[in-house]
Amino acid sequence: MNILILGGGGREHALAWAIRQNPKCDRLIVAPGNAGVADIARGAAIDICSRSDVIDFAEENAIDFVVIGPEAPLAAGVSDALRQAGFLVFGPSQAAAQLEASKSFTKEICDACRAPTAAWARFADAAAARAHVTKHGAPIVIKADGLAAGKGVTVAETVAQAHAAIDLIFEGEFGDTSVVIEEFMQGEEASFFVLCDGTDCLPIGTAQDHKRVGEGDTGPNTGGMGAYSPAPVLTAELQEQVMARIIRPTVAEMARKDMPFQGVLYAGLMIADGQARLVEYNVRFGDPECQVLMMRLGAQVLDLLLACAEERLSEIEASWADDHALGVVMAARGYPGDYEKGSRINGLSAISESGFEMVFHAGTAERDGQIIASGGRVLTCTGRGATLAEAHDRAYALVDRIDWPEGFCRRDIGWRAL
Ligand code: AMP
Ligand code: GLY
């Protein structure tokens, strides 16, 4: 089988690494890919958000199965176009991807299927939004309604902060014309990953990530500085509760609305007092959550993604080892603010990778036989072990073997669970 993965981050490197191990995979192309992916698959410089470019490329390369990694091509309708052209695709339709692309869409789905989530209201003008905040007080959460690359959310501790966040959104900072205001939920956050084929659902793992750039979970938000799986807070009992109250009702409501959800539903949950409420949905794997999930699932991932795309999830099960994985992101100094590109990363070639130790690449490129940093988040050093402590030690042992003075990482990934 010829497989095309769209994306070029640590998530896609991890997907490629797992898929490559499955004997069903004959040829693997990752577009655009990165310097790490280049060791196991061909790269391709195409515009992955252009429907015609992706279809032409898939036709030219006799692709049998397309796996879409990031949200942008999903929101751009690349999966619909591929399906119309006859390709088998892992990734939701543009309509179903609204579960990530639109905050108000998700809130309306939750209301319709009574999935527990924060109380909310939507406003199309700043004055009404400000008045709502004045009435309800802080803390309160202000969100740009659309996709804002993780930057459109403000957890406001004061009314003044909330008002400032509203003004920023209506000034057009995120290209949005409406704001969603939510009740602030307290608790511990965890992520739950469930494959959905439009009708059936199959949980494939839990994880927790560290969004803040600084140790002790301080400083500005990032795409994620590290993650571990499983998330101890998401007990088997809580997972069943989330399936019954949140995931299955959402999938049924999406089918009822004629937008069947097909792909991975990544539920961000807030857990307090033994109850889980939905914070948000994403319609793709998380990065770096995917890296830790792939380390634990291994080669079976291809069978699971195929079963999902072929609408036969009811026939398959995920097999689990009683193991743990932890990933530490190495980023360029300055990230998530301004950072330099082009610094050399040494030490990578001396590392022998295995099912227990993997360095997944994100923003890397090769120049004159040398790996250089070409993005903000650059590597995810990932360890797997019988315990979380073992996985942690393996991941940091990898970090310590990488010689990259222009990079940094958090030293406390997993602290809450360790
Ligand atoms: P989102 O992009 O919706 O996931 O929001 C980003 C982050 O903001 C989440 O991971 C939470 O940490 C926080 N957040 C979002 N909504 C809420 C809420 N209603 N209550 C508390 N924290 C929230
Ligand atoms: N790590 C968070 C995300 O991928 O959205």
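The values are calculated or read from the model by the stated rules, or taken from the named source; none is laboratory data. This structure is a prediction, so every number in the text was calculated from the model and none was measured. Here the Cβ positions follow ideal geometry from the backbone for every residue, glycine too, while neighbour counts run over all protein chains shown. When the accessible area is computed, the model is the full protein with side chains, heavy atoms only, and any ligands, DNA or RNA have been set aside. Shrake-Rupley method; radii C 1.70, N 1.55, O 1.52, S 1.80 Å.
Those residues that are within 15 Å of ligand 2 (Cβ to nearest atom) and either charged (D, E, K, R) or at positive phi (or both), I need them from segment 244-286; list them, please.
Gly263, Glu280, Arg284
Go through segment 60-77 and give me each residue that's among the small types (Gly, Ala, Ser) and open to solvent by less than 10 Å² (accessible area, probe 1.4 Å).
Gly69, Gly77
Quick grid of which residues meet (1) open to solvent by less than 20 Å² (accessible area, probe 1.4 Å); (2) touching a Gly at 6+ places or on another chain (Cβ under 6 Å); (3) more than 14 Å from ligand 1 (Cβ to nearest atom):
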| residue | (1), (2), (3) |
| --- | --- |
| Leu88 | no, no, yes |
| Glu108 | no, no, yes |
| Ala128 | no, no, yes |
| Val133 | yes, no, no |
| Ala144 | yes, yes, no |
| Gly152 | yes, no, no |
| Ala164 | no, no, yes |
| Ile169 | yes, no, no |
| Glu173 | no, no, yes |
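Determine whether segment 110-121 contains at least one residue that is away from ligand 1 (no atom under 16 Å from the Cβ) and open to solvent by less than 40 Å² (accessible area, probe 1.4 Å).
Within segment 110-121 (the criterion being away from ligand 1 (no atom under 16 Å from the Cβ) and open to solvent by less than 40 Å² (accessible area, probe 1.4 Å)), the answer is yes, since at least one residue qualifies.
Scan Ser354, Ser314, Ser349, Ser343 and give me the residue that is closer than 21 Å to Met225 by Cα and among the hydroxyl-bearing types (Ser, Thr, Tyr).
Just one listed residue meets the conditions, Ser343.
Counting residues that are under 17 Å from Ile3 (Cα atoms) and without any contact (Cβ under 8 Å) to a residue 12 or more places away in the chain, which strands (runs of 3 or more DSSP E) fully inside segment 63-142 reach at least 2?
Per the criteria, no element qualifies.
Could we say that Arg245 is away from ligand 1 (no atom under 14 Å from the Cβ) and of a type outside the set (Asp, Glu) here?
Yes.
Of the numbered conditions (1) more than 21 Å from Ile40 (Cβ to Cβ); (2) touching a helix residue (DSSP H, G or I) at 6+ places or on another chain (Cβ under 8 Å), Asp400 satisfies every one except a single condition; which is it?
Going through (1) more than 21 Å from Ile40 (Cβ to Cβ); (2) touching a helix residue (DSSP H, G or I) at 6+ places or on another chain (Cβ under 8 Å) one by one, Asp400 breaks only (2).
Which ones in segment 319-349 are of a type in the set (A, V, I, L, M, F, W, C) and either modelled with pLDDT of 95 or more or open to solvent by 90 Å² or more (accessible area, probe 1.4 Å) (or both)?
Those that are of a type in the set (A, V, I, L, M, F, W, C) and either modelled with pLDDT of 95 or more or open to solvent by 90 Å² or more (accessible area, probe 1.4 Å) (or both): Trp320, Ala325, Leu326, Val328, Val329, Met330, Ala331, Ala332, Ile345, Leu348.
Pick from segment 252-270 the residues that are away from ligand 1 (no atom under 12 Å from the Cβ) and under 21 Å from Trp120 (Cα atoms): which of them is surrounded by the most Cβ atoms within 10 Å (Cβ to Cβ)?
Met254
Is segment 212-226 home to any residue that is closer than 16 Å to Ile271 by Cβ, open to solvent by less than 20 Å² (accessible area, probe 1.4 Å) and of a type in the set (A, V, I, L, M, F, W, C)?
No, segment 212-226 has no match at all.
Looking only at segment 41-62, count every residue that is in a loop (DSSP other than H, G, I, E, B) and closer than 25 Å to Trp17 by Cβ and tell me the total.
9
Would you pick out the residues in segment 354-390 that are open to solvent by less than 40 Å² (accessible area, probe 1.4 Å) and either assigned to a loop (DSSP other than H, G, I, E, B) or free of Cβ contacts under 8 Å to residues at least 24 places away in the same chain (or both)?
Passing the criteria: Gly355, Ala362, Gly363, Gly375, Gly376.
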